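The values are calculated or read from the model by the stated rules, or taken from the named source; none is laboratory data. Please read these numbers as outputs of a predicted model, since none were measured by experiment. Don't worry about glycine lacking a Cβ; one is built from the backbone with ideal geometry, like all the others, and counts go over all protein chains shown. Protein only, heavy atoms only, side chains kept; ligands, DNA and RNA dropped before computing areas. Shrake-Rupley method; radii C 1.70, N 1.55, O 1.52, S 1.80 Å.
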Amino acid sequence: MLALSLLGLLALSTPAVAGDVFVHYMGQGLKAESAAGDVAKAVAMGVDAFALNIGQPDPTWSVESTQRLFNATKGTKLKIFFSLDLYATNDPERFRKTINTYIKHPNYYTAGPSNLPMLSTFSNGNGWTATSWNKFRDSLDSKTYFVPMFDQLPNYYTNPDAFWSSWKTGVDGVFTWEQAWPGRSNTHQNVSTDLDASLMRKAHSNSKAYMTGLSTFQYKHWDGSHWYRSGDVVMPEKMTQLLALSNTAGSRPDFIQIQSWNDAGEGHYIGPLRHEGLDEKQLVYANQNDHPHEGWQPLFASFIAAWKANAKDASQMRTPAGSRTFVVGAMWHREFLATSSCAGTDGRPEGAGAAVDTINWAVVLNDGVAGTYYVQVWSGGSLISKEKLLPGLNYRAVRGIKTGEQHVQVVDAAGKPIIEGGKQTKGILANPTGNICTYNYQVAGLV
Ligand SMILES: *[C@@H]1O[C@H](CO)[C@@H](O)[C@H](O)[C@H]1NC(C)=O
Ligand SMILES: *[C@@H]1O[C@H](CO)[C@@H](O)[C@H](O)[C@H]1NC(C)=O
């Protein structure tokens with residue numbers, strides 16, 4: 001009994017880790033200057049590595065873009081590791097050549113007690129067992145640190161003990177993708193780290209690492225799928241919950257993966273969209289001119305810095321290094337109301353009932369700044385909300401919106417704007433124009 005509980009204690013007190021933060025990066029056709037631009041932006045945000053999603057290892061565009069990305073990391077702090085897309089290519093063997101080409105690259109990301117090249121996955125690969133993965137990994141040119149996304153495998157959520165008895169010998173950690181968003185539903189849902197906390201405890205008690213996802217929202221219009229999950233303030237809410245896990249769950253995930261940098265088939269991208277590698281059909285619902293999402297980046301930079309400094313509360317978030325002033329933020333909204341007609345288009349997405357009509361904002365205010373500051377939300381020409389800011393991360397989904405221009409300002413006590421944004425977005429229309437009923441967000445940085 002005593003020996004057992006002592007073991008449990010030892011296993012639970014896994015050594016503190018750096019808490020590296022990654023971004024899921026979709027492999028796509030990519031110009032060299034786009035690769036260089038993405039690497040520079042990720043470095044500026046404090047990202048440690050791109051989790052490079054390789055869906056098709058063989059086509060020339062894929063081989064060349066992978067090379068361009070690795071080339072672009074040379075001499076920078078940014079690393080890359082592979083996220084083998086087993087949903088697109090179910091056979092890990094097909095990735096052998098790509099893995100071996102880069103696994104010893106100076107910018108290939110390494111981690112774990114033996115500092116080995118990290119290998120991850122998107123999806124789980126049908127029919128592969130701990131034994132077959134071990135055999136595959138043993139045959140690569142280097143040993144690897146394997147933290148796959150296996151959250152769709154049997155028992156992952158429902159019977160973690162059974163999951164771990166199948167997988168303990170085959171993985172170094174696990175990655176939970178789906179908890180980045182609330183569940184799929186036709187009514188509004190909030191995001192939660194409750195499952196992360198229990199999955200993390202189980203992983204840690206098996207002396208394995210735990211990685212979880214952080215995302216903005218989910219709107220997918222691609223590949224025969226068209227669906228939406230509650231978005232609004234999911235991103236700042238999960239940031240708050242993740243920072244609090246050290247207190248609420250007694251430890252925190254070893255790694256965070258932001259979902260995603262550039263997945264234009266879905267709406268959650270935070271990087272610039274590089275049109276040269278995107279399909280025309282993707283660009284209809286997500287393109288850099290109509291739906292830029294980079295306004296979110298300062299919030300991620302602020303979160304990453306706080307996370308890496310072991311902050312335990314979102315009130316400890318600060319403006320990123322190099323910020324113009326003592327406050328940063330963003331606002332975002334859909335282009336039309338939940339009641340708008342999507343007649344003449346391909347209709348509302350599945351889960352559209354979860355959409356609420358809100359102007360969403362998140363703002364980070366530095367501590368110890370003299371004066372009192374407020375966020376004002378203007379919708380269709382009316383001031384619909386004014387709230388006082390506290391130090392650290394503040395956020396709100398403001399209801400009562402009207403069609404027309406949407407504008408968010410941080411103002412001082414005299415009403416003078418410090419930062420603001422929104423006038424550059426399309427505003428909110430009564431009905432979708434043309435044939436497009438997109439639930440993708442308009443995002444504006446407050447500058
Ligand atoms: C990557 O860099 C190498 C060495 O400079 C160069 O030979 C190669 O052409 C580059 N690859 C691409 C796809 O640009
Ligand atoms: C979601 O969170 C909001 C704000 O905390 C709360 O008012 C609402 O009841 C929650 N909704 C659900 C479905 O839990």
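Could you check how many residues of segment 138-178 are in a helix (DSSP H, G or I) and either crowded, with 22+ Cβ neighbours inside 10 Å or not assigned by TED's automatic domain parsing to the domain that holds residue 206 (or both)? Residues flagged as in a helix (DSSP H, G or I) and either crowded, with 22+ Cβ neighbours inside 10 Å or not assigned by TED's automatic domain parsing to the domain that holds residue 206 (or both) within segment 138-178 amount to 1. Taken together, the residues in segment 99-121 that are open to solvent by 10 Å² or more (accessible area, probe 1.4 Å) and closer than 17 Å to residue 58 by Cβ amount to 3.
Inside segment 54-103, residues that are basic (Lys, Arg) and at pLDDT below 95 make up a count of 0.
Applying the criterion of being within 16 Å of ligand 2 (Cβ to nearest atom) and under 18 Å from the mean Cα position of the chain (by Cα) to the residues of segment 155-188, the residue that is farthest from residue 244 (Cα to Cα) is 184. Does residue 96 meet the test of being open to solvent by 30 Å² or more (accessible area, probe 1.4 Å), more than 16 Å from ligand 2 (Cβ to nearest atom) and in contact (Cβ under 8 Å) with a residue 40 or more places away in the chain? Taking the combined requirement at face value, the residue satisfies it. Checked against the criterion of being of a type outside the set (Lys, Arg), more than 16 Å from ligand 2 (Cβ to nearest atom), open to solvent by 50 Å² or more (accessible area, probe 1.4 Å) and on the phi < 0 side of the Ramachandran plot, segment 78-86 has no qualifying residue. Applying a threshold of 8 Å to beta carbon distances and a minimum spacing of six or more residues, or different chains, the list of pairs starting in segment 128-151 at a residue that is among the small types (Gly, Ala, Ser) and ending at one that is in a helix (DSSP H, G or I) reads 130/166; 130/167; 139/96.
The one condition from (1) at pLDDT 95 or above; (2) not assigned by TED's automatic domain parsing to the domain that holds residue 98 that residue 28 does not meet is (2).
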